[in-house]
Structures are given as C-alpha cells and as structure tokens.
2 protein chains.
Amino acid sequence: MVTIVRIPNKGGSGTALKPGMLPGLLGYRLRLAQQALFRDFAATVAELSPGRVGILMLIEANPGVTQSRLAQAVSIERSTMVGVLHVLEGRGLVERRRGADRRTNGLWLTAGGRSLVARLKRRIQLHERRVAARLSAEEREQLLGLLEKLTGE
Amino acid sequence: MVTIVRIPNKGGSGTALKPGMLPGLLGYRLRLAQQALFRDFAATVAELSPGRVGILMLIEANPGVTQSRLAQAVSIERSTMVGVLHVLEGRGLVERRRGADRRTNGLWLTAGGRSLVARLKRRIQLHERRVAARLSAEEREQLLGLLEKLTGE
DNA sequence: TATTGTTATACTCTATAACTATA
DNA sequence: TATAGTTATAGAGTATAACAATA
C-alpha cells in the first residue's frame, strides 16, 4: 500500500510578494544564501553554532593562542570571548592555561574537544557537499573565489 | 605643514592565526562576505538595519500586505513582526489599517516612510557600487547568479 | 602607562506558548 | 475549529565601560 502525502500550500495565501529592488542587491542575496546554509549547518551540527565551531577549529590549528588574539581573529570583543570560552570550558572542550606573560591565557583543546572537532569536521564535509550540490565543482570554486575577492582576501 | 599620521599595527601581535579548513567552506566565506557588507551598509544607512530596510521596501512594493504575509516573506515569526512594526510605526514610517477581514492589519508606508525609502534607495545604490568595486560588472552578475543558484532561486 | 582578562550591564534580533477577537 | 494579531517571556550573540593584575 502506498501512502500519498499531500503537502498543503501552508501559508500560501495567494501569490508571493513583489520583491522590489532586493533581489538585485549583493547584500540581500548574500543574506538569503547564508540563512539557507545556516539552516543546513544547524541540522548537520546540532551541538554548536557555526561561530563556535570556527572558534574550536582556530584553537585546534593554533594551540596556545591567547583569548585576545582569538577574539581579534573572529572579530568579537575580548569581553565577549570571555563568556564564549566559559561555555566551551564548561562543556569540557577547551582548556585555559596561564601564559608566561601572566596577564594572558593560552587556549588548548581538551581530548574531548579534539575528538568532537574531528567528528564535526566529517559532518561539515557532508554539509558542504549537500549545500554545494546545486553547483558544479567549477561553479563552487568560482563562488569561493568571488566571495574572497569581494571580502578583500 | 604636512602632518603624517602613522597608523600603528593595532592588535597585530605578530602573525595571523592559521585558519585551518575554514577558508575552503562556503558557509565561512559567505559569513565573512556578509559581515564585510554589513559594516559598509551600516556606515551608509545609519538609521535602520538591512532587515528593517527590506521590510519597508516590501511594504512599499506590496501596499496593504498583512503582517503575517510579510512575516512569512522575510522568514520571521508573526509574533516577532509585531514588535518590528511597533517600532516602525512609532517612528512614523508605517501605518496599520484594519482589513476587511477584521482579524488582519494591512500595512502601508506613511509619507515619511516613502520619503525615507526613496532616500535610502539612493544611498543603497552607492553602497552597492562601493562593495562591488572589487568585482567587474560580469563578476558581479556571476556572483548574483551563483548565490541565487545556491539558495535555490 | 598600556594590555589582558574580567565583570556588570544593556541592546538587538529572534523564538515559543498562551491569549483575544474574529472567521 | 482555525487564523491574525498580540503579549509575556526567554535565549542567543553582541557591545561598552570600568576594574584588578601584570607588564
């Protein structure tokens, strides 16, 4: 027996809105694309937001980095970083160690942090393949290149 | 007399961090590009965020649209839209009028809203030209097309 | 004096759940 | 029963200003 699921035109109260000038703006298209990717990322990597995953990856690639340098690298205030690291440390993913310059904290992944990052990396590759499925390999490279150029390297 | 302003290598505490796998991910590049564009947008359009400007433009292009339809169009909850419109109405930009179906509110720009949108449109075109200055006209079109394809129209 | 990490506080944008008035 | 708008509440994610320890 075959069950046919009919998806109702939910909220489809007639026609779509006229979009005005929005679709021609880079910022608008960028925002839509980012929202779409964010949804897929969240469905793939339930435990952490893209920004937090990025922070773990930066600590992994730069063991011993200080809080301020890391904050600067991801463009948030160092006061904001305090809370972020408090959460990541509380979840047993990151360790702070006092530096030779005793004003600083060096950051390292714990064993748990390293194994989580390893698992997430694999899932993020799946996510990447899925979102890029609408593009050819060349188009994906082209898009990465154009975004890099737009942002200024 | 000529004053030479020497810009200190602010926060340049040595070398940049190793970025790991991040630069090869579409989501990461998209986020960086969006952040860069957001900064430029905020410097150009000080009075409203990109999302709020988009809402004004959608009301302009769709006079009489209901709150729920508008919320759906910009992918926020209708409960969230209530507060957004409360602010825009408080600033004299938007007007709510009770619809024929008396459960609904139709939305219109006020005269002030229309003139603000007209001014912002001009400034947004300048912003668009500035951010796209790193790309050729063809590359800009290519980028818009790839983003549209990635997002799924 | 300058910098690092920290705290207290607040702002923006968003969601969920429950309510009301209408349909 | 179902929908549109509303309210109360909460949670991310962020910033600014002031402070102690250290350089």
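Read-outs: derived from the displayed coordinates by stated rules, not from any lab. Quick caveat: nothing in here was measured; it's all calculated off a predicted structure. For neighbour counting, all protein chains shown are included, and Cβ atoms are generated from backbone atoms with ideal geometry for every residue, glycine included.
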ask   = ³J(HN,Hα) across region B:114-127 via Karplus (A = 6.51, B = -1.76, C = 1.60, θ = phi - 60°), whole Hz, x for Gly/Pro?
value = 5, 6, 5, 4, 4, 5, 4, 4, 5, 5, 5, 5, 5, 4
query = What FRET efficiency comes out for the pair A:LEU126/A:GLU148, r = Cβ-Cβ distance, R0 = 35 Å, nearest 0.05?
reply = 0.90
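So, counting K/R as plus one and D/E as minus one, what does the shell of residues with Cβ under 12 Å around A:ASN105 add up to? If you can, show how the numbers build up before the last one.
Details: positive: A:ARG69, A:ARG78, A:ARG96, A:ARG97, A:ARG98, A:ARG102, A:ARG103; negative: A:GLU89, A:GLU95, A:ASP101.
Around A:ASN105, the charge tally is +4.
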ask   = What nm distances, shortest first, do you get from the label point of A:GLY64 to those in the other copies when the point sits 7 angstrom along Cα to Cβ?
value = 7.0
note = For A:LYS18, inter-copy label-point distances (7 Å, Cα→Cβ), nm, shortest first, read 5.5
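Stick to the Cα atoms of chain A, pair each with every other, and give me the Kirkwood hydrodynamic radius in Å at one decimal.
Working: mean 1/r = 0.0531 Å⁻¹.
About 18.8 Å for chain A.
What is the order of B:PHE41, A:PHE38, fewest Cβ neighbours within 10 Å to most?
Details: B:PHE41 22, A:PHE38 15.
Placing the least packed residue first, the sequence is A:PHE38, B:PHE41.
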message = Give me the one-decimal nm value for the distance between modelled label points at A:THR110 and A:SER75, 7 Å along each residue's Cα-to-Cβ direction.
response = 3.1
Long-range amide H partners of A:VAL65 with built H, under 5 Å = A:LEU107
query = Just how far, in whole angstrom, is region B:40-118 from region A:63-85 if you go by their alpha carbon centroids?
reply = 37
query = Which ³J(HN,Hα) values, rounded to whole Hz and listed in residue order, are derived for region A:139-146 from phi using the Karplus coefficients 6.51, -1.76 and 1.60 in 6.51 cos²θ - 1.76 cosθ + 1.60 with θ = phi - 60°, glycine and proline given as x?
reply = 4, 4, 4, 4, 5, 4, x, 5
task = Divide, for the protein assembly as shown, the radius of gyration over alpha carbons by 2.2 N^0.38 Å, where N is the residue count.
result = 1.18
task = Evaluate peptide B:135-145: per residue, the Cβ atoms of other protein chains within 10 Å of its Cβ; return the mean as an integer.
result = 4
task = Largest first and to the nearest Å, give the Cα extent of region B:65-153 along each principal axis.
result = 50, 30, 20
Beta carbon of chain A nearest to the axis of the rotation taking A to B, residue and angstrom distance = A:GLN34, 3
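Kindly provide the trypsin sites (Lys or Arg not before Pro) of region A:26-118 that DSSP labels as loop, not H, G, I, E or B, and whose Cβ sees at most 12 other Cβ atoms within 10 Å.
On the way: sites: A:ARG29, A:ARG31, A:ARG39, A:ARG52, A:ARG69, A:ARG78, A:ARG91, A:ARG96, A:ARG97, A:ARG98, A:ARG102, A:ARG103, A:ARG114; in loops: A:ARG91, A:ARG102, A:ARG103.
Passing both the DSSP loop test and the Cβ count: A:ARG102, A:ARG103.
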message = Just to confirm the numbers: B:ARG96, label point 7 angstrom along the Cα-Cβ line, distances to the other copies in nm, shortest first?
response = 4.5
query = In whole Hz, what ³J(HN,Hα) sequence does region B:27-35 give by Karplus (6.51, -1.76, 1.60; θ = phi - 60°), x for Gly and Pro?
reply = x, 5, 4, 4, 5, 4, 5, 5, 4
